[in-house]
1. Toward the positive end of the charge dipole of the chain, about the Cα centre and with charges on Cβ (Lys, Arg +1; Asp, Glu -1), which of 333, 82, 190 goes farthest?
2. Ranked highest first by average number of other Cβ atoms within 10 Å, how do 28-34, 146-152 line up?
3. What are the trypsin sites (Lys or Arg not before Pro) within segment 38-129 that DSSP puts in a loop, where the Cβ has at most 12 other Cβ atoms within 10 Å?
4. So what's the net charge close to residue 293: Lys and Arg +1, Asp and Glu -1, counting the other residues with Cβ under 12 Å from its Cβ?
5. Please give me the summed charge of the neighbours of residue 209: other residues whose Cβ is under 11 Å from its Cβ, Lys and Arg +1, Asp and Glu -1.
6. Could you state the per residue volume, in Å³, of the convex hull enclosing the Cα atoms of segment 35-96?
7. Considering only DSSP beta bridges where both residues belong to the chain, give the percentage that are antiparallel (nearest 5).
8. With the Cα gyration tensor of segment 226-368 in hand, give its eigenvalues times 5 under a square root as the equivalent ellipsoid semi-axes, listed largest first in whole angstrom.
Amino acid sequence: MSEFYIGIMSGTSLDGVDIAFCEINNDTFKLLCSASYPFDKRLKNEILSAINKPVTLKIVGELDTRLGKMYADCIESFIAKSEIDKNTIMAIGLHGQTLWHEPDSKHPFSMQLGNANVITAKTGICVVSDFRQKDIALGGQGAPFAPAFHQFLFSKLNANVAVLNIGGMANLSILGETVTGYDTGCGNVLMDYWVSQKNGLSYDENGEWAKSGLVNEDLLKQMLQEPYFLKEAPKSTGRELFNGKWLKKQLENFAKRNANTVYMKSRDTQATLLELTVRSIANEVKKSMADLLIVCGGGGRNVYLMKRLKDELAGVEVVLSDEVGVSSEFMEAMAFAWLAHERIHKKCVKISSVTGASKDSILGAIYE
């Protein structure tokens, strides 16, 4: 029997809040309607500050509540505009906003903000959240979770399939009898940071600024020596590694070793950052032996990035997920609607082969 769920997602880029209303049963999934809402600019800046600078517990606690209120307002607006009967919604699948993700520390954890109690109190709808902690408690990375959903959607395709999500970070799912997957590294996060610092823009539309620059192959080679790129899976990452400080250190180290070289223009740095995303992804796709790569996420709308990815992956068919009938823009929100469905029905999510956890488990906490 079909049931109705809402999935809500705001990713590493903090560029917006995606909401998907979905019809789900054990074997089928249908996106009924969806919408994106802008991220509150002041809240975004305060979250980025909390990630990059020391903060008090008061600041973290208040950010958690304010995010919950923002998510609840977006959901209520979405329900009203889409004329959805609240009583038909089984649950809201909430990812939350990642503040810090460190599954390889002495005491592993992953922290997502966006108070689920606030959301269920304001909307009157059951919320399923806190998906990552159980997997980490079982020795896993707690990410990425999308491969389990990709397996559900695409495993019946008659091809060797890999699915690539390019958000702030990029993650790859390799489908088969056993699903595997991991974060390949930075997606849009460094490009977005650089264009915001130099041009005051939130992103480089269609990669036009990067296209106007020249890739510095020596700098690119240095960046690709980052230990994360060389590490074997399972692995996951986020802004705690790939951020403005990481880029500043890379540029400073490069300048010290190349003091007599020609001055690099800002657009050349942007071109090199786009190429870093492309090459770090392509290197992993080539290992997968996939002959079909399905792309989703905001990076799929970057025309120049997609062109470069196709150039690097000659012999692999590269398509947006829209071309196989699944929204590329709302894939992650849909995934958390599906994860909520699995939790409500007490199903183990088959993700340990991705995360490295000791076993598959029921993921998420229910807030009635």
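The values are calculated or read from the model by the stated rules, or taken from the named source; none is laboratory data. It should be emphasised that the depicted structure is a prediction, and the values quoted were computed from it without experimental measurement. Please note: Cβ atoms are built from the backbone with ideal geometry, for glycine as well, and neighbour counts cover all protein chains shown. When the accessible area is computed, the model is the full protein with side chains, heavy atoms only, and any ligands, DNA or RNA have been set aside. Shrake-Rupley method; radii C 1.70, N 1.55, O 1.52, S 1.80 Å.
1. 190
2. On the way: 28-34: 14.6, 146-152: 25.7.
The densest-packed peptide leads the list: 146-152, 28-34.
3. For trypsin sites (Lys or Arg not before Pro) across segment 38-129 that sit outside H, G, I, E and B with at most 12 neighbouring Cβ atoms in 10 Å, the list reads 106.
4. Local charge sum for residue 293: -3.
5. Computed value for this residue: 0.
6. Spread over its residues, the Cα hull of segment 35-96 gives 96 Å³ apiece.
7. Taking every DSSP beta bridge with both residues in the chain, the antiparallel ones total about 70 percent.
8. One finds semi-axes of 34, 21, 16 Å for segment 226-368.
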